[in-house]
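Below is one structure; the comments refer to it alone.
The values are calculated or read from the model by the stated rules, or taken from the named source; none is laboratory data. Keep in mind the model is a prediction, meaning the values are calculated, not measured. Cβ sites come from the backbone with ideal geometry, for glycine too, and all protein chains shown count toward neighbours.
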Amino acid sequence: MKNEIGSKFIRETCIAGPVIDVTLKYSARAPRKAREANRAPSREAVIKNNDRLAAKNLTRLMNANFYPGDIHLTTTYEGEPPTVEEAKKEISNFKRRLKREYEKRGKEFRWIEVTEYKNHRIHHHMLIPYIETEVISRQWKRGHIWTSTLDRSRNYKNLAEYFIKETSKTMRAPGSETKQRWSASRNLVRPVIKREMIEPRAMYQKPRALKGYEIIPETVHAYTHPFTGIDHLEYMMIATDPVPRLKTWRNGTVVKRDETYRRAQEIQICWDAFVGEDFV
């Protein structure tokens with residue numbers, strides 16, 4: 001295999017707060033004989049891949065911007081459920097009122113928000129920096145709130161996956177008024193992905209943690225991409241010290257756009273246009 005592919009393997013590395021996530025894979029420029037032939041993916045494979053990529057990107061955003069003790073907030077509506085437009089207005093006004101409360105305390109207000117319209121009664125989930133629960137309660141005037149604090153793991157992958165699951169039916173419903181999985185404030189740190197060429201043997205070695213980090217065992221995942229047929233190996237490592245040793249990855253070039261994700265989005269558009277059809 002080494003003679004066929006040469007050194008055309010790439011490593012994508014993203015540092016998001018205390019977590020480093022790594023993806024190893026064949027380069028898209030590797031010879032076709034080094035990859036399986038492209039094949040039409042099933043609807044289930046398309047959905048699963050889109051959700052996986054969305055959760056991966058959201059995990060990075062959460063890990064880079066929120067910390068143990070910050071708040072996962074859920075807001076609900078009493079009485080007659082609002083329309084989509086009314087709900088958008090309510091949550092926008094709520095965030096504006098919260099921002100004023102943070103500013104009074106000399107704090108920066110940042111947020112990630114998802115809204116679910118389909119699975120249950122309409123409700124909103126938000127991640128926000130810590131503030132007293134009574135302050136939040138005073139600003140939400142339409143129903144109940146539930147709050148919980150982020151745990152000490154510092155890796156919020158499970159929460160990101162939950163957010164994506166919450167919005168999946170809404171986003172894919174025929175005629176849905178929203179196709180957005182989440183929204184976020186502009187002042188969030190945006191993690192940078194860097195790509196570098198690596199030797200083939202790295203693809204098949206057991207992942208090793210960098211100095212000051214440890215591998216998160218449940219994140220080690222080897223799989224074949226459903227669209228490209230390219231083998232992937234993914235894993236995460238987390239800082240063992242309260243202050244992470246690394247803030248940026250020096251090697252490689254910045255990935256400006258994830259071509260795999262773009263392709264997944266294009267295929268999803270096809271599915272939305274032909275609901276009920278299926279590939280074999």
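General observations
- Positions within segment 11-33 being buried (at least 17 other Cβ atoms within 10 Å of the Cβ) and either over 18 Å from Leu210 (Cβ atoms) or modelled with pLDDT under 85 (or both), in sequence order: Lys25, Tyr26, Ser27, Ala30
- Pairs, first within 10 Å of Trp140 (Cβ to Cβ) in segment 78-99, second part of a loop (DSSP other than H, G, I, E, B) and modelled with pLDDT under 95, C-beta under 7 Å, six or more apart: Glu90/Pro82; Glu90/Arg142
Yes/no matrix, rows are residues, columns are (1) in a helix (DSSP H, G or I); (2) of a type in the set (A, V, I, L, M, F, W, C); (3) surrounded by fewer than 16 Cβ atoms within 10 Å (Cβ to Cβ):
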{"residue": "Pro81", "(1), (2), (3)": "no, no, yes"}
{"residue": "Glu90", "(1), (2), (3)": "yes, no, no"}
{"residue": "Arg97", "(1), (2), (3)": "yes, no, yes"}
{"residue": "Glu108", "(1), (2), (3)": "no, no, yes"}
{"residue": "His120", "(1), (2), (3)": "no, no, yes"}
{"residue": "Val135", "(1), (2), (3)": "yes, yes, yes"}
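- Restricting segment 68-88 to residues that are modelled with pLDDT of 90 or more and among the aliphatic types (A, V, I, L, M) leaves a set whose member that is nearest to Asp151 (Cα to Cα) is Ile71.
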